[in-house]
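Notes for the one structure printed next.
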Amino acid sequence: MTSTAFITHRDCHLHDMGSYHPEAPGRLAAIGDQLIAQGIDPYLVHHEAPLATFEQLGRVHPAAHLQNLKRKSPEHGIVHLDPDTAMCPHTWQAALRAAGAGIEAVDMVMRGEVENAFCSVRPPGHHAERETAMGFCFFNNVAVAVAHALAVHGLERVAVVDFDVHHGNGTEDIFRGDPRVLMTSIFQHPFFPYSGTEKPAENMLNVPLPAGADSEQFRAVVSELWLPRLREFRPQMVFFSAGFDAHQEDEMGNMRLTEKDFAWVTSEVRRVARETAGGRIVSMLEGGYSLSSLARSVTAHLRALADL
């Protein structure tokens, strides 16, 4: 059995963008409940997420962006940054924890305390561009973690594997053209944020899929495109932008994946990580808004990570 860290924090439950917003606190509660119900929880190494520092965030976000977000953090009520993305009095702290979880995960994996780690955090991050909060995201959590691995641990090649139903425009914005980072992604297209198809950089392997894309199409992309490119790149650490809204039960998108597909892609990518990176993987929660399918999918993802 592999040692797998599960990193979260109660502050991440307090971020609230309104009673009808799909990116809701109940997402994390559903995950936690399912892990207990399936008997997986005791096998995970539980850690609390620290607060990310301005220095850590500043590797991918300019100081002006960070200061602007902090200024907009309300003392009462909800402040909208755009129609989809809003801050309550607890958002700033939750966002710092979400980014800090990735830092903690990288450190634990690089110290050899665990082979891999999953960060059950919110707000998510992969839509946050270098200077723009958007798409429910404030800081780009996976990018902060990647930058930490490169800057602090001296890694030279890392890969980001993004299977969210939406394109990770923020991650692409931050690492476009960076030869140290390979990003492989699938996403429904055309669909929010309507990006990822216009002349992607050499280090971006973006594969748009049509609405209704199913398991067979997804697995073909992974087997025929992702895995060969990952093996050629030989990453020293692999990061998942683990969005589960491509599940057939999730009304946020129109794809037809199941939890079995998420378990399969996790196992396939993990095989590459063991070949090239000593098994080092950090997975960050992104989307997934149907509570039942989200919880089942995360559980399947964790089973594959932890050999359960």
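Every read-out reported here was derived from the displayed coordinates using simple, explicitly stated rules and does not represent laboratory data. What you are looking at is a predicted structure, and each value in this text was computed from that prediction instead of being measured. Counting neighbours? That spans all protein chains shown, and the Cβs are built from the backbone with ideal geometry, glycine included.
Please report how far the C-alpha centroid of the range 187-242 lies from that of the range 260-308, rounded to the nearest whole angstrom.
Spelled out, the Cα-based centre of one part sits 16 Å from the other.
Let me know the shape class of the range 166-206, please: from the alpha-carbon gyration tensor, a ≥ b ≥ c as square roots of the eigenvalues, rounded when a/c is under 1.5, otherwise prolate if a/b is greater than b/c, or oblate.
Details: a/c = 2.06, a/b = 1.96, b/c = 1.05.
In terms of gyration-tensor shape, prolate.
Which peptide among 119-128, 282-291, 87-96 comes first, and what is the full order, when sorted by highest mean count of other Cβ atoms within 10 Å? Show your work: numbers first, answer last.
Numbers: 119-128: 29.5, 282-291: 27.1, 87-96: 21.5.
Descending packing order for the listed peptides: 119-128, 282-291, 87-96.
Alpha carbon centre of the range 155-183 versus the range 41-83: separation in Å?
So the two Cα centres are separated by 20 Å.
What per residue convex hull volume, in Å³, do the alpha-carbon atoms of the range 133-237 yield?
Values: hull volume 10.1 nm³, N = 105.
Once divided by residue count, the hull of the range 133-237 is 97 Å³.
What shape does the chain have by the C-alpha gyration tensor, where a ≥ b ≥ c are the square roots of the eigenvalues, rounded means a/c under 1.5, and otherwise prolate means a/b greater than b/c and oblate the rest? Intermediate values should be presented prior to the final figure.
Details: a/c = 1.19, a/b = 1.18, b/c = 1.01.
Because its axes are fairly even, with a/c under 1.5, the chain counts as rounded.
So what's the Cα pair-distance distribution over the range 178-308, bin width 10 Å, in %?
Using 10 Å bins, I get a P(r) of 13, 44, 37, 7, 0 for the range 178-308.
With point charges of +1 on the Cβ of Lys and Arg and -1 on the Cβ of Asp and Glu, referenced to the Cα centre of the chain, which listed residue (His127, Pro235, His301) lies farthest in the positive direction of the dipole?
Of His127, Pro235, His301, it is Pro235.
Along the positive direction of the dipole of the chain (beta-carbon charges: Lys, Arg +1; Asp, Glu -1; about the Cα centre), which of Thr85, Leu96, His13 reaches farthest?
Among Thr85, Leu96, His13, the one farthest towards the positive end of the dipole of the chain is Leu96.
Which translational diffusion coefficient, to the nearest whole µm²/s, is obtained for the range 1-66 from the Stokes-Einstein equation, given a Kirkwood hydrodynamic radius over C-alpha pairs, 37 °C and 0.692 mPa s? Spell out each step's value before the answer.
Working: Rh = 14.5 Å.
So the translational diffusion coefficient is about 226 µm²/s.
Before rounding to the nearest 500, sum -39500 (n - 2.57) across all DSSP H runs of length at least 4 in the chain and divide by the residue total; then give [θ] at 222 nm in deg cm²/dmol. All intermediate terms of the calculation are to be shown ahead of the outcome.
Numbers: 10 runs with 112 residues, N = 308.
Rounded to the nearest 500, it is -11000 deg cm²/dmol.
If I require 27 Å or longer along the helix axis, counting alpha carbons, and a Kyte-Doolittle average no lower than 0.5, what helices from the chain are left? Use full DSSP H segments. Display every interim value, and only then the final one.
Numbers: long enough: 91-110 (29 Å, 0.70).
Answer set is 91-110.
Shape of the range 251-308 from its Cα gyration tensor (a ≥ b ≥ c, root eigenvalues): rounded if a/c is under 1.5, otherwise prolate when a/b > b/c, or oblate? Could the numbers behind the result be given before it?
On the way: a/c = 2.23, a/b = 2.12, b/c = 1.05.
Prolate, since a/c reaches 1.5 and a/b exceeds b/c.
Which loop-located chymotrypsin sites (Phe, Trp or Tyr not before Pro) does the range 162-208 contain, where loop means any DSSP state but H, G, I, E or B and the Cβ has at most 11 other Cβ atoms within 10 Å?
Values: sites: Phe163, Phe175, Phe187, Phe191, Tyr194; in loops: Phe163, Phe191, Tyr194.
Of the chymotrypsin sites (Phe, Trp or Tyr not before Pro), not one in the loops of the range 162-208 has a Cβ with at most 11 other Cβ atoms within 10 Å.
In debye, nearest 20, what is the charge dipole magnitude of the range 174-277 about its Cα centre with +1 on Lys and Arg Cβ and -1 on Asp and Glu Cβ, if you could check? Before the final figure, lay out the partial values.
On the way: 12 positive and 15 negative charges, 111 e Å.
That gives the range 174-277 a dipole magnitude of about 540 debye.
So which trypsin sites (Lys or Arg not before Pro) in the range 74-139 are both in a DSSP loop and have at most 15 other Cβ atoms within 10 Å of their Cβ?
Working: sites: Arg97, Arg111, Arg130; in loops: Arg111, Arg130.
Hits after loop and neighbour filter: Arg111, Arg130.
How long, wide and thick is the range 45-106, going by the Cα atoms along their three principal axes, in whole angstroms, largest first?
Principal extents (largest minus smallest coordinate, Cα): 35, 26, 20 Å.
Please report, in debye to the nearest 20, how large the charge dipole of the chain is about its Cα centre when each Lys and Arg carries +1 at its beta carbon and each Asp and Glu carries -1 there.
Working: 26 positive and 38 negative charges, 120 e Å.
In total the dipole reaches around 580 debye.
Among Pro193, Gly253, Asn203, which residue has its Cα furthest toward the positive end of the charge dipole of the range 167-292, with +1 on Lys/Arg Cβ and -1 on Asp/Glu Cβ?
Of the listed residues, the answer is Asn203.
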